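> Below: one structure in structure tokens.
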Amino acid sequence: MRDRVPVVVQGGGRRGRRAGLAGVLWASAELIVTMGVVVLLLVVHQVWWTNRQAMAAAHEQVQALERSWGGAGPDPGPPPPTPAGGGPGPGVPSQAPAGRVPDAAATGTAPGPAEREDREGGDGRQDRAYAVLRIPRLGLVVPVAQGVDKRAVLDKGYAGQYPGTAGPGERGNFALAGHRNTHGEPFRHIDRLRAGDELIVDLRGRRFTYVVGKILGQTTERDTGVIAPVPRSVVKPDQGYSEPGAYITLTTCTPEYSSKYRLVVWGTLRAAR
């Protein structure tokens, strides 16, 4: 019986290592693709779905307010066409000014008891909508609630009134914040407003019409002067007003998809009825 010569196969270990490396690379690629899909879905949810939800809920809230006031509410007319493009975070300076200017009955715009109860939350809730802001130039109709808390107010697609600021039609500064991107983004296009544009506030059958006067394109989040009773930037002192009056202020973040700076729109009361 002949002795067999053993056969030694070269490179078997190397092929095994290559196969193992290929498996690791394939698994890594699958993981990266999966993570990419998850991130994409999160972006779609944040940018698109939250907008749809907040916009729908805000629209329903406006209708509910108008029904509670006993009418369909004034019609601001058809909205203008919205140009393509454009673009959440809330425009909220870090602190609100201490105190407020008392109501001035001499202006003829002091709210009645029912309107005060609406604004102050007769049911104990400070986050419920009590007024409606209309901006005809932008085709915007949005509910207004007390406070600028993100979850309780701004993420609902509402405009939020800064605590301590004047109410609609009152002497002082009726100051509002709103998201520019995501969660209904009601203030997304306020950079398109120009001097002379109307800002209309409806409150239980009363209408207060403000007119845009000045726009501050960029300031810091700590520029609390922009929502003071006489609004004037403390960062850019040449921007704002110097005389008491009945003002409205809209604030939001800028640039879009960033909360680095604040965009501010100011207006003055033109009529109350």
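A short reminder: the numbers here are calculations on the coordinates, not readings from a lab. This is a predicted model, so every value here is computed, not measured. Ideal geometry is used to build each Cβ from the backbone, glycine not excepted, and the neighbour counts take in all protein chains shown.
> Can you tell me the FRET efficiency between Lys236 and Val33 if r is taken as the Cβ-Cβ distance and R0 is 51 Å, rounded to the nearest 0.05?
0.60
> Just want the ordering: Thr252, Thr165, from fewest to most Cβ atoms lying within 10 Å of their own Cβ.
With the fewest neighbours first, Thr252, Thr165 line up as Thr165, Thr252.
> FRET efficiency for Asp149 and Arg52, Cβ-Cβ distance as r, R0 = 30 Å, nearest 0.05?
Calculated transfer efficiency: 0.85.
> Just rank Asp197, Asp202, Asp238, fewest to most, by other beta-carbon atoms within 10 angstrom.
Taking fewest neighbouring Cβ atoms as first place, the list is Asp238, Asp197, Asp202.
> Give me the Kirkwood hydrodynamic radius of region 123-273 in Å, from all C-alpha pairs, to one decimal place?
This gives a value of 15.1 Å.
> Further, regarding this structure: Taking R0 as 35 Å, what's the FRET efficiency between Val211 and Tyr257 from their Cβ-Cβ distance, rounded to 0.05?
For Val211 and Tyr257, the calculated efficiency is 0.70.
> Would you list, by chain and number, the lysines whose Cα falls below 20 Å from the Cα of Lys236, excluding same-chain residues fewer than 8 positions away?
Lys214, Lys260
> Where does the charge balance sit around Gly240 when Lys and Arg score +1, Asp and Glu -1, over other residues with C-beta under 9 Å from its C-beta?
Result for the neighbourhood of Gly240: +2.
> Considering only DSSP states other than H, G, I, E and B, which trypsin sites (Lys or Arg not before Pro) in region 131-208 qualify as loop sites with at most 10 other Cβ atoms within 10 Å?
Sparse-neighbourhood loop trypsin sites (Lys or Arg not before Pro): Arg151, Arg194.
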